1. When the helices in the chain are scored as -39500 (n - 2.57) per DSSP H run of 4 or longer and the sum is shared across all residues, what 222 nm value do you end up with, to the nearest 500 deg cm²/dmol?
2. In terms of modelled amide H atoms, which long-range or inter-chain residues lie less than 5 Å from the amide H of F58?
3. Treating the beta-carbon of each Lys and Arg as +1 and of each Asp and Glu as -1, no other charges, what is the dipole magnitude of the chain about its Cα centre, to the nearest 20 debye?
4. Suppose the chain between F32 and C46 were pulled fully straight at 0.36 nm per residue; how much longer would it get relative to their current alpha carbon spacing?
5. Provide the descending list of Cα extents for the chain along its principal axes, expressed in whole angstroms.
6. Under the rule of at least 5 residues apart or a separate chain, name every residue whose amide H is placed under 5 Å from the amide H of A39.
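No lab work stands behind these numbers, since they all come straight from the coordinates. Predicted model only: the values in this text are computed from it and were never measured. No Cβ is skipped: glycine too gets one built from the backbone with ideal geometry, and neighbour counts run over all protein chains shown.
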Amino acid sequence: MSMTFTQLQCKEVICVGDGRRLGFISDVVVEFPEGKVCAIVVPGPCRLFGMVGRQEDFRIPWASIQKIGPDIVVVDVNPDT
């Protein structure tokens, strides 16, 4: 299976543990020179109605991805830690 970064950005990330929507993929972490994908990055939730900025981004290891579907990516992580 091959997928472009643009196709991956259109997918929403869902946590399988509690069903929480984490958001959409904003970036991918790649290890060089091997070219191995290490993690995906999802922007953190907004603080105080979005006026104060955002919390830290979620960095989800590639090994934590359970399933990549047509619209969503299901991950097994605890985003609170």
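1. After summing the helix terms and dividing by residue count, I get -1000 deg cm²/dmol.
2. Under 5 Å from the amide H of F58: V42, G44.
3. It works out to roughly 160 debye.
4. The F32-C46 span can extend by a further 1.9 nm.
5. Cα spread of the chain along its principal axes, largest to smallest: 39, 26, 24 Å.
6. Result for A39 returns V29, W62.
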